[in-house]
Every structure is written in C-alpha cells, then in structure tokens.
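For reference, the structure is listed below as structure tokens.
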Amino acid sequence: MKFSRSKTKATAIALFLVLTIAVTLVALPVANAHTPPWTNIPTWAYVGVSPNPVGVGQTATIVFWLDKVPPTAAGIGGDRWRNLKIEVTKPDGSKETLGPFVSDPVGGAYTTYTPDQVGTYSLVFSFPGQVLSRYGPTGIVGSTTSVYENDTYLASSATATLTVQQE
C-alpha cells in the first residue's frame with residue numbers, strides 16, 4: 001500500500017499537535033490552594049424566631065444561619081460552622097445561653113425555646129469565626145482537597161426580639 005506524501009505530512013502534524021497538547025497539560029502545575037491562606041473572609045449572621053408573638057409556656061423555634069455555606073462540606077463530611085450560640089435576655093434582664101450548636105451542611109441551625117415570662121426577649125446569635133480544616137464534627141473529610149483549607153472566616157452576629165404574651 002502506498003501512502004501519499006500529503007497524508008503522511010498531515011498525520012505527522014496532527015500527531016505533533018496532540019503530543020504538544022498532552023505535554024502542556026502534564027507540565028502545568030495543579031493548584032489546589034492559595035498561599036497564603038485568606039485570613040479575613042467576612043460573614044453575615046441572620047436569626048429569626050417563630051411564632052412571634054408567643055404565649056408563656058409555648059414553644060418558639062429559633063432559626064439561625066450564616067450567609068455562606070461551609071465550602072468544604074460534602075454530605076456527612078467536611079467543615080460545619082461550629083460554636084454557634086444564642087444569648088437570650090429575658091424581660092427581667094437575666095440571661096441564658098443556648099448552644100453551642102453546629103450548623104448543617106448549608107450553614108444553618110435551629111433550636112426551640114420556651115419562654116417563662118411575659119415581655120420582650122432579646123435574642124443575639126453569634127458566630128465566633130472559624131478556620132476551615134476540611135474535617136467536620138464527624139471527623140470525616142469533606143473533600144480530598146480544598147482551596148479553602150486554613151482560610152479564616154470572621155465572626156458575625158445578629159439580633160431578633162421575641163414578644164411573649166400571657167396567652
């Protein structure tokens with residue numbers, strides 16, 4: 001079988017281009033993090049309570065979350081926002097702390113609260129900030145690599161009020 005010179009030349013050029021692309025891909029460094037880690041990623045906290053108003057002895061649900069999903073969360077593994085707290089100031093000025101809580105994979109959590117006095121309660125949700133590690137409360141890694149590992153998410157807080165009636 002006889003090959004034409006133009007087909008051989010075209011095949012050689014195609015092979016050269018394929019090998020050039022393959023070598024380029026192998027030679028490129030694979031980046032999976034940024035150096036140095038980011039140390040000032042802002043967060044915004046949110047809190048809500050329902051039903052509002054509520055009666056003395058009735059249960060209210062407090063829902064709280066951050067504006068960001070923990071970026072290393074994956075299924076049951078990976079980081080969760082930790083040490084979330086709710087400080088409740090009762091109408092008589094006494095304080096009660098709920099928590100600490102751990103968020104779900106999308107950055108939120110909830111708890112219930114049963115008030116024991118008539119009046120206005122103040123709720124302060126606080127997130128103390130966190131350095132990501134890829135490991136969550138289960139000890140399971142969320143992903144094999146993450147560009148967010150060792151990044152610092154800053155503290156934030158939010159407030160809400162709960163009105164409590166006699167009935």
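General remarks:
- Lone qualifier among TYR121, TYR113, TYR135 - being farther than 27 Å from GLN58 by Cα and of a type in the set (Phe, Trp, Tyr): TYR135
- Segment 119-136, subset of a type in the set (A, V, I, L, M) and crowded, with 17+ Cβ neighbours inside 10 Å, residue nearest to PRO36 (Cα to Cα): LEU132
- In this structure, GLY93 does not qualify as on the phi > 0 side of the Ramachandran plot, in contact with a Gly (Cβ under 8 Å, 6 or more places away or on another chain) and open to solvent by 40 Å² or more (accessible area, probe 1.4 Å).
- Being out of contact with any Cys (no Cβ under 8 Å at 6 or more places or on another chain) and open to solvent by less than 70 Å² (accessible area, probe 1.4 Å) holds for only one residue in TYR113, TYR148, and it is TYR113.
The rows are residues; the columns are (1) outside any loop (DSSP other than H, G, I, E, B); (2) surrounded by fewer than 17 Cβ atoms within 10 Å (Cβ to Cβ).
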{"site": "VAL63", "(1), (2)": "yes, yes"}
{"site": "PRO71", "(1), (2)": "no, no"}
{"site": "LYS85", "(1), (2)": "yes, yes"}
{"site": "GLN117", "(1), (2)": "no, yes"}
{"site": "THR138", "(1), (2)": "no, yes"}
{"site": "ALA160", "(1), (2)": "yes, no"}
{"site": "THR163", "(1), (2)": "yes, yes"}
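- Count of segment 96-110 residues which are open to solvent by 80 Å² or more (accessible area, probe 1.4 Å) and in a loop (DSSP other than H, G, I, E, B): 1
- Scanning segment 151-158 finds one or more residues that are within 25 Å of VAL54 (Cα to Cα) and touching a residue at least 24 places away in the same chain (Cβ under 8 Å).
The values are calculated or read from the model by the stated rules, or taken from the named source; none is laboratory data. Small disclaimer: the values here were computed from a predicted structure and weren't measured. Glycine gets a Cβ as well: all are built from the backbone with ideal geometry, and neighbour counts include every protein chain shown. Just the protein is used for accessible areas: all its heavy atoms, side chains included, with ligands, DNA and RNA removed. Shrake-Rupley method; radii C 1.70, N 1.55, O 1.52, S 1.80 Å.
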